[in-house]
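Here the structure is laid out as structure tokens; the discussion comes afterwards.
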Amino acid sequence: IGELYIEEIKKYVGDEIMAFFSGPKKEINACKAAMEIRKAMHREQQAAIKSGAASISIGIGINSGTVVFGPVGSKTRKDFTSIGDTVNLAARLEGANKEYGSKSIISESVYKNLNKNFICRELDYIAVKGKTEAVRIFEILQPTGKITREMLQDLKRLFETGLEHYRKRKWKTAEEYFSKCVEKYNDAPAKVFLRRTARYKTYPPKDGWTGVFTMNVK
């Protein structure tokens, strides 16, 4: 899957696959591979539904940065791998898809190196488990048979406008934009933010709140 773009599959970790990309277009190639994987998974899901079998879903997390790469371990047991904060954040982003109902989350460092072939929306500003420094995260949006690029651009505009008002504590206006995302596109991340805004209307965040959401799970 994604044979054109995946440079090297590094390891299998339970039900997780970690792939490594290098070179000047590593972020673009990683995102191309992610989109190919999602297309293949969609085909498998549709086939499973038709046959009455159970379908599965996956989340994808992509990060870019410095890693420790090479043989790690002792003389008796070694593993040729990539380790470090960059790898750990990618794993956390993969898990974050469960929080938002999203499919493919990328870090800001990846987003800054993509071209206009990808439609991405800013998703949130989060502090992942085990880290205190917050990072901006983005979701890659992909056209399907029912959703066109024009629709995705509209979803991006509505959601990011709602996010802007959410961070300014303008809960009512934020709700209006997130509600439009749900009404028009049944958007899962917008449903998450509707629940948050409803809670913050009753229990406002403390002074100094910057919109950061703390992830307490991996």
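The values are calculated or read from the model by the stated rules, or taken from the named source; none is laboratory data. Everything numeric in this text was worked out from a predicted model, so none of it was measured. Don't worry about glycine lacking a Cβ; one is built from the backbone with ideal geometry, like all the others, and counts go over all protein chains shown. Surface accessibility is based on the protein's heavy atoms, side chains included, excluding ligands, DNA and RNA. Shrake-Rupley method; radii C 1.70, N 1.55, O 1.52, S 1.80 Å.
Below is a table of values for the structure above.
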quantity	calculated
Å² of accessible area per residue within the chain, as computed with a 1.4 Å probe and no ligands counted	60 Å²
Between the range 91-122 and the range 28-42, the Cα center-to-center distance that results, in Å	12 Å
Whole-number percent relative contact order across the range 46-170, with pairs defined as alpha carbons under 8 Å at least 6 apart	19 percent
Exceeding the 24 Å Cα-Cα cut-off - candidates Lys103/Lys146; Lys25/Lys180; Lys25/Lys98; Lys98/Lys156	Lys25/Lys180; Lys25/Lys98
Counted charge near Gln153, where neighbours are those whose Cβ lies closer than 13 Å (Asp, Glu -1; Lys, Arg +1)	+3
The chain - mean residue ellipticity at 222 nm from DSSP helices (-39,500 (n - 2.57) per run, n ≥ 4, rounded to 500)	-14500 deg cm²/dmol
The chain, relative contact order [Cα under 8 Å, separation at least 6], %	15 percent
Sequence-distant residues sharing a close amide H with Ile140 (under 5 Å, placed H)	Ser104, Ile106
Rel. contact order, % - alpha carbon contacts under 8 angstrom, at least six apart, the range 131-201	22 percent
Accessible surface of the chain [probe 1.4 Å, protein heavy atoms]: carbon and sulfur percent	51 percent
Shape category assigned to the range 30-77 from the gyration tensor of Cα positions, a/c cut at 1.5	oblate
